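Novice: Attaching a single structure in structure tokens format; questions to follow.
The values are calculated or read from the model by the stated rules, or taken from the named source; none is laboratory data. On a predicted model such as this, the values are computed, not experimentally measured, just so you know. Neighbour counts run over all protein chains shown; Cβ positions are idealised from the backbone, glycine included.
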Amino acid sequence: MTRAMGDDGGETSHRGVLRGESGVNGRGTTAVAGAPAFEAVELARSYRLEGVSVDALRGVSLRISPGEFVAIVGPSGSGKSTLMHLLGCLDRPTAGVLRVNGVDVSTLDDGGLADLRNQVIGFVFQSFHLLGRTSAVDNVALPLVYRGVGRAERRRRAQEALTSVGLGHRMDHRPSQMSGGEQQRVAIARALVGDPKVVLADEPTGNLDTRNGEEVMGILARLNAERGVAVVLVTHEAEVAAQARRRIHVRDGLIERDEEDAR
Ligand SMILES: Nc1ncnc2c1ncn2[C@@H]1O[C@H](COP(=O)(O)OP(=O)(O)OP(=O)(O)O)[C@@H](O)[C@H]1O
């Protein structure tokens, strides 16, 4: 395996965390050309709770290509967040295979998983997950710290990302001084700053009113259409799901239906 170094990569190069044929390089691309963004085969996740096993996912197989726009929908407790956490490499499956950009995540140790997350995936959460007392620009720059990007370059890229979500005039505001919609846009800018292949968004409009929700969806749609970033989001809202080109319906830990709009 050859691991090319990215212009900003120092972090991933020395860990020696990748084994096998494929890997992530410093630019967030993989050694497996043309691989799906995600490929899951009989993916399962059980939790043990006070001696009782809860089968949150019971064998999910799916393939998501680069550049897709997918909504994961289903009733409360059906396993949507569990699936999202697995896809995002925030958690490991108890059975089955998951490949992210062609990399089998079972071949990675925790450091390798963190590298994969950092290089390939941007996260957006319902409750924003921003540092409340840190300026917008520093919140957005944070993921680049873990990549060893220098301070001036971090700031430049964070400013660019904030401008791209319409917050060029709010660089030095803190999240506590911003509206919910603005905070979610900061969170999107933070997800984008590392130039991810995929944005995973767990209920990104869940805490927003209709207008701000639409604005956030508009940004995600633009990101998908103009930059070819794959967007995978979990939502309860039918109007939000309708904006995705593909909807994966999850029920009782299984895929019940997988529907795609005609192009
Ligand atoms: N850490 C955990 N420990 C034990 N059980 C868990 C844990 N996380 C989730 N579960 C259980 O796994 C199942 C799936 O949960 P999950 O959060 O994935 O559902 P969801 O579809 O995202 O639900 P919601 O729409 O309410 O957020 C549920 O029965 C839940 O109680």
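Novice: Could you tell me which of the residues R133, R147, R117 is under 30 Å from G253 (Cβ atoms), more than 16 Å from the ligand (Cβ to nearest atom) and either modelled with pLDDT under 95 or among the polar types (S, T, N, Q) (or both)?
Specialist: Of R133, R147, R117, the one residue that is under 30 Å from G253 (Cβ atoms), more than 16 Å from the ligand (Cβ to nearest atom) and either modelled with pLDDT under 95 or among the polar types (S, T, N, Q) (or both) is R117.
Novice: Tally time: how many residues in segment 77-98 are within 23 Å of Y146 (Cα to Cα) and more than 10 Å from the ligand (Cβ to nearest atom)?
Specialist: 5
Novice: Report whether or not E239 is closer than 30 Å to L57 by Cβ, among the charged types (D, E, K, R), more than 16 Å from the ligand (Cβ to nearest atom) and over 16 Å from the mean Cα position of the chain (by Cα).
Specialist: yes
Novice: Is it the case, given these coordinates, that T163 is more than 20 Å from the chain's Cα centre (by Cα), farther than 22 Å from E39 by Cβ and not acidic (D, E)?
Specialist: Considered against the rule, which asks whether it is more than 20 Å from the chain's Cα centre (by Cα), farther than 22 Å from E39 by Cβ and not acidic (D, E), T163 comes out as yes.
Novice: Given the residues L223, L167, which is the only one that is aliphatic (A, V, I, L, M) and either farther than 22 Å from S135 by Cβ or in contact (Cβ under 8 Å) with a residue 60 or more places away in the chain (or both)?
Specialist: Just one listed residue meets the conditions, L223.
Novice: Output the residues belonging to segment 30-52 that are near the ligand (Cβ under 9 Å from one of its atoms) and in contact with a strand residue (DSSP E or B) (Cβ under 8 Å, 6 or more places away or on another chain).
Specialist: R45, S46, Y47, R48
Novice: Out of all the residues in segment 63-72, is one or more more than 15 Å from the chain's Cα centre (by Cα) and aromatic (F, W, Y)?
Specialist: Within segment 63-72 (the criterion being more than 15 Å from the chain's Cα centre (by Cα) and aromatic (F, W, Y)), the answer is no, since none of the residues qualifies.
Novice: I need a count of the residues in segment 171-228 that are acidic (D, E) and within 25 Å of E68 (Cβ to Cβ).
Specialist: Number of matching residues: 6.
Novice: Sort out which residues of segment 193-219 are over 12 Å from the mean Cα position of the chain (by Cα), more than 13 Å from the ligand (Cβ to nearest atom) and within 30 Å of D115 (Cα to Cα), and write them in order of number.
Specialist: Correct list: V193, T205, N207, V216, M217, G218, I219.
Novice: When you look at G213, is it modelled with pLDDT under 95, among the small types (G, A, S), surrounded by 15 or more Cβ atoms within 10 Å (Cβ to Cβ) and touching a His at 6+ places or on another chain (Cβ under 8 Å), yes or no?
Specialist: no
Novice: Which of the residues belonging to segment 182-224 are polar (S, T, N, Q) and either touching a helix residue (DSSP H, G or I) at 6+ places or on another chain (Cβ under 8 Å) or over 26 Å from R154 (Cα atoms) (or both)?
Specialist: Q183, Q184, T205, N207, T210, N212
Novice: Any idea which of A244, A238, A201 is among the small types (G, A, S) and in contact with a Phe, Trp or Tyr (Cβ under 7 Å, 6 or more places away or on another chain)?
Specialist: One residue alone meets the criteria, A244.
Novice: Tell me, please, whether a residue that is modelled with pLDDT of 95 or more and touching a helix residue (DSSP H, G or I) at 6+ places or on another chain (Cβ under 9 Å) can be found in segment 23-39.
Specialist: Checked segment 23-39: at least one residue is modelled with pLDDT of 95 or more and touching a helix residue (DSSP H, G or I) at 6+ places or on another chain (Cβ under 9 Å).
Novice: Right, another one. Do we have any residue at all in segment 69-76 that's part of a strand (DSSP E or B) and either away from the ligand (no atom under 16 Å from the Cβ) or at pLDDT below 95 (or both)?
Specialist: Yes, because at least one residue in segment 69-76 is part of a strand (DSSP E or B) and either away from the ligand (no atom under 16 Å from the Cβ) or at pLDDT below 95 (or both).
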